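The values are calculated or read from the model by the stated rules, or taken from the named source; none is laboratory data. Quick caveat: nothing in here was measured; it's all calculated off a predicted structure. Note: ideal-geometry Cβ built from the backbone for every residue, glycine included; neighbour counts use all protein chains shown. With ligands, DNA and RNA removed, areas are computed over all heavy atoms of the protein, side chains included. Shrake-Rupley method; radii C 1.70, N 1.55, O 1.52, S 1.80 Å.
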Amino acid sequence: MTAPAFAPQTEERFALARQVADAVLFEGYVLYPYRASAAKNRLRWQFGVLVPPAWGADCEEHDFQHTECLMEPKAGATLSVEVRFLHARRRTVQRLRPDGGYETVPELRLEDRVLVPWDEGEEERVEVVASVDELLGDGVTHPFRRPAREDTAPVLDAAGRTVGRLVRRGEEISGTIRLSAGEIDGPYRTLRLTAVVENTSDWTPPGGRGADRDAALPHSLVATHTLMALSAGSFLSMTDPPEWAKAAVAGCRNLHTWPVLAGEPGRADLVLSSPIILEDHPAIAPESPGALYDATEIDEILALRTAALTDEEKREARGTDERAAAVIDLADSMPAEVLERLHGAVRSLREVTGPGPATEDGGFPDEHGVRRPDTPWWDPASEAGFDPERDRVDVDGRSVGRGSRVELRPGLRRTDAQDIFLRGRTATVEAVLHDVDGQVHLAVTVDGDPGADIRREQGRYLYFQPDEVTPLEDDA
């Protein structure tokens, strides 16, 4: 095994893949509304947690990840591996006493933030470089260790005076990376690569079994995933392999992780093995202005909701974590044109080259080469008689239009949980809309929604049909 130092071209390829790997690393790191007190943030880290063996035996989480994939290396090729994970560091908050000492407190309130105890995640990387020949037979075993450490950072008020400190402690963790390869039967020289990442910490739960998950997290490898690159040769796609390799792919064992091709589309020399199921060549949406960390995040909705938090909620979020503070600042400073780009994008369209279908006279009826039907499915002139801001509709014998207040009663046909949660809430009608099928829809904003003004400005409403609302008596 050679020294774990990546060649410049390998490092360049890893740098591109790390954009997606970072999203995996911090998936669900801190959930909206980004406050430590939020119920969603009291059970931290749900993906790729490799716990100590002594604790994993009694829980549903695991102490290892097992990856298998197929590769076609060229002669003399080397494999570069980078295992990445978060090392949880427990943060406590201390206040400066008049006598110059410090005392641990449940919170420290400052003008711009409220500091509270929290588990921060520190990024760790373990690198291994081995020739493919070394992987044959018994393979390569690479143990690693991160020692326990503690550090402190002063807390300053707006005037620059020390008012407290943060104490961060990281526990010792250790692990092992095992790499091996073996040839498979087939028409081409193909190897099955096996990569196993294990938590080998000797930590045992205090008092034996029954320790809670919070006690095990500082000794765990969190959000663990693996990047693997060949210096010469290629990997086979595990989701769309060639016909001759499908049986071999089906025979690969992947436990608690899944490998996909990564890096630039069209290349197959890099694999990301992730605890989150991804497609080949995953990429960060170019419209995304920054990381929001919330699991299954939807940038537009989260940005709007974050901007609508109260000042006190934002203070607590800023004190929860530096990354949460960055999300708050991002939402507060996001220009309208950036937010507009988050509204949606179509990526399935591809440029058409070559001639399109011709009409009977040899011409093209429109710029896309699409022949117009004799009868249009929709006549724009039919909209002339509609005005969403002035139209009204009869609901339970009462006229409802813009400005009317209604009680929401979503019907049984609704499958969106958010609509069910709004049952019984009052709302204001913003517009009466008619679709091309003749159906009527009421665009509403929910009363008491702190983001109502933003929704109104952006034209982003909730929609209900007339039989899903009840007019309120106080509506004139």
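What the table shows:
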{"quantity": "Test result for Glu103, under 19 Å from Leu261 (Cβ atoms), of a type in the set (Asp, Glu) and at pLDDT 90 or above", "calculated": "no"}
{"quantity": "Residue count, the range 225-248 (criterion: open to solvent by less than 20 Å² (accessible area, probe 1.4 Å), in contact with a Phe, Trp or Tyr (Cβ under 9 Å, 6 or more places away or on another chain) and not in a loop (DSSP other than H, G, I, E, B))", "calculated": "5"}
{"quantity": "Restricting the range 434-444 to residues that are surrounded by fewer than 15 Cβ atoms within 10 Å (Cβ to Cβ) and of a type outside the set (S, T, N, Q), the residue that is nearest to Thr306 (Cα to Cα)", "calculated": "Asp435"}
{"quantity": "Subset tally (residues that are surrounded by fewer than 12 Cβ atoms within 10 Å (Cβ to Cβ) and over 18 Å from Gly344 (Cα atoms)) for the range 445-466", "calculated": "2"}
{"quantity": "Residues located in the range 274-313, provided they are surrounded by fewer than 19 Cβ atoms within 10 Å (Cβ to Cβ) and of a type in the set (S, T, N, Q)", "calculated": "Ser288, Thr296, Thr310"}
{"quantity": "Pairs, first without any contact (Cβ under 8 Å) to a residue 24 or more places away in the chain in the range 14-40, second of a type outside the set (Gly, Ala, Ser), C-beta under 7 Å, six or more apart", "calculated": "Ala38/Leu31; Lys40/Leu31"}
{"quantity": "Matching entry among Val222, Val197 (being more than 30 Å from Val132 (Cβ to Cβ), under 30 Å from the mean Cα position of the chain (by Cα), in contact (Cβ under 8 Å) with a residue 12 or more places away in the chain and open to solvent by less than 20 Å² (accessible area, probe 1.4 Å))", "calculated": "Val222"}
{"quantity": "Lone unmet requirement of (1) closer than 26 Å to Thr239 by Cα; (2) at pLDDT 90 or above; (3) buried (at least 21 other Cβ atoms within 10 Å of the Cβ) for Glu27", "calculated": "(2)"}
{"quantity": "Residue ranges of strands (runs of 3 or more DSSP E) in the range 17-122 with at least 1 members under 25 Å from the mean Cα position of the chain (by Cα)", "calculated": "64-73, 78-96"}
{"quantity": "The range 314-336 residues that are open to solvent by 50 Å² or more (accessible area, probe 1.4 Å), paired with ones that are part of a helix (DSSP H, G or I) (beta carbon under 6 Å, 6 or more apart)", "calculated": "Arg318/Ala325; Arg318/Ile328"}
{"quantity": "Residue that is farthest from Asp321 (Cα to Cα), among those in the range 113-151 that are acidic (Asp, Glu) and loosely packed, with under 12 Cβ neighbours inside 10 Å", "calculated": "Asp138"}
{"quantity": "Among the candidates Gly164, Gly160, residue that is over 28 Å from the mean Cα position of the chain (by Cα) and part of a loop (DSSP other than H, G, I, E, B)", "calculated": "Gly160"}
{"quantity": "Filtered residue count, the range 86-100, keeping only those that are open to solvent by 20 Å² or more (accessible area, probe 1.4 Å) and small (Gly, Ala, Ser)", "calculated": "1"}
